[in-house]
1. Roughly what % of DSSP beta bridges within the chain run antiparallel, to the nearest 5?
2. Please report the spacing between the Cα centers of region 263-291 and region 188-206 in Å, no decimals.
3. Return the tail of the calculated pair distribution for the chain, meaning the percent of Cα-Cα pairs more than 30 Å apart.
4. Place a +1 charge on the Cβ of each Lys and Arg in the chain and a -1 charge on the Cβ of each Asp and Glu, then give the dipole magnitude about the Cα centre in debye, rounded to the nearest 20.
5. Run the accessible area of region 147-291 with a 1.4 Å probe and give the carbon-and-sulfur part as a rounded percent.
6. Could you tell me the relative contact order of region 190-328? Use alpha-carbon pairs under 8 Å, at least six residues apart, and round to a whole percent.
7. Taking only complete DSSP H runs, can you tell me which helices of the chain stretch 20 Å or more along their own long axis by Cα positions and average at least 0.0 on the Kyte-Doolittle scale?
8. Please report, in debye to the nearest 20, how large the charge dipole of region 147-291 is about its Cα centre when each Lys and Arg carries +1 at its beta carbon and each Asp and Glu carries -1 there.
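The values are calculated or read from the model by the stated rules, or taken from the named source; none is laboratory data. Source: prediction; values computed, not measured. Reconstructed Cβ throughout: ideal geometry from the backbone, glycine too, with neighbour counts over all protein chains shown. Protein only, heavy atoms only, side chains kept; ligands, DNA and RNA dropped before computing areas. Shrake-Rupley method; radii C 1.70, N 1.55, O 1.52, S 1.80 Å.
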Amino acid sequence: MAAVARGRGLPRAWLCRRAGPGCGRHYRAALCTELKQPLAIEEVASRPVRPHEVRVDVHFCGVNFADILVCRGQYQEKPQLPFTPGMEFSGTVLETGTDVSTVKEGDRVIGVSGFNGMAEECIIDPKTLWQIPERVPLREAATLPVSYGTAILALEHRACTRPGETVLVTAAAGATGLAVVDVATNVLQAQVIAAAGSDEKCKLAMQKGAQSTVNYGQGGLKEAVRKLVGSGGVSVAIDTVGGDVFLEALRSLAWEGRIVVVGFAGGTIASVPANLLLLKNVSAMGLYWGRYKEQNFPVFSRTLSSALQYCQQGRIQPHIGAVFKLEEVNDAFLHVIQRKSTGKVG
């Protein structure tokens, strides 16, 4: 689903020497100048930071499918052209506005931006920056906001997953799927069934901690799950595929089971048969990760803090499928579209 694109990673001495406002600096950025066309790498003039802003030297930026959709004009948010995609990044603080006290120059941070992370630097509200613990590398930190933020919200906040429950994860070898497997297994102590489209992807999910797998490229998901857990079903299902896979996951739920809709990677949005909800008293709910930033920021912030804490403690281990340089951003997009690797791409 996603990738991590590398920024310039400048030496600290350069950062201190060049960080001052009004010095005519420029930086490189990936620009979407026309929808559905390749991104351009261009020099952009650096502007002064305002009192409540922070300038960050971007080292890594996650590439999510949402970045591709926004560059096609198919995402919920439609930035004005030209714009720089990139929803999540890691880096070091270059400069702070006069009213900023939460971070300082040199701090290592992850950030969640509206779409401006695929550049050598970005200016951002400090509210959407989180300091990276000492033991967490910048590259791994950049994978946490979207994938692990989604996984934690889906499992802990929406499904209220309890230790020992059985969790079914679809598209389990994608960036979000692997994060769900990781959190469910290694943080929440759940029993995970990982569903994916090939034996290779199933093997990766097992390496991440899944107790059993289903290759739904070889047959129906519901029947395969039934063979693993019996007629009782699974307690929780986290679905990022949609379509028939969602419906089979819904039918695989146990009494009072919960299914969380995270996305529609398969391209089809299924209609929910209401009788299935009634017969076993199950719950179907949605999760739009980015909306929490606007609607319930305390919960949004807590999930990112939890992701950083889990990573610092060694309880989760992000999987990075590929890394690209900034000038290779179009290759990174193609890599995600063609699903050439598992986990996060960058």
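1. Working: 31 of 57 bridges.
If we restrict to bridges inside the chain, about 55 percent are antiparallel.
2. Computed from Cα coordinates, the inter-centre distance equals 21 Å.
3. Details: 21254 of 59685 pairs.
Roughly 36 percent, once rounded to a whole number.
4. Working: 37 positive and 31 negative charges, 69 e Å.
The dipole of the chain has a size of about 340 debye.
5. On the way: 2980 of 5840 Å².
In region 147-291, the share of accessible area belonging to carbon and sulfur is 51 percent.
6. On the way: 177 pairs, mean separation 20.0, N = 139.
Across region 190-328, relative contact order equals 14 percent.
7. On the way: long enough: 297-312 (22 Å, 0.26).
Those that pass (Cα extent of 20 Å or more, hydropathy at least 0.0) are 297-312.
8. Details: 12 positive and 10 negative charges, 31 e Å.
With only Lys, Arg, Asp and Glu charged at Cβ, the dipole is about 140 debye.
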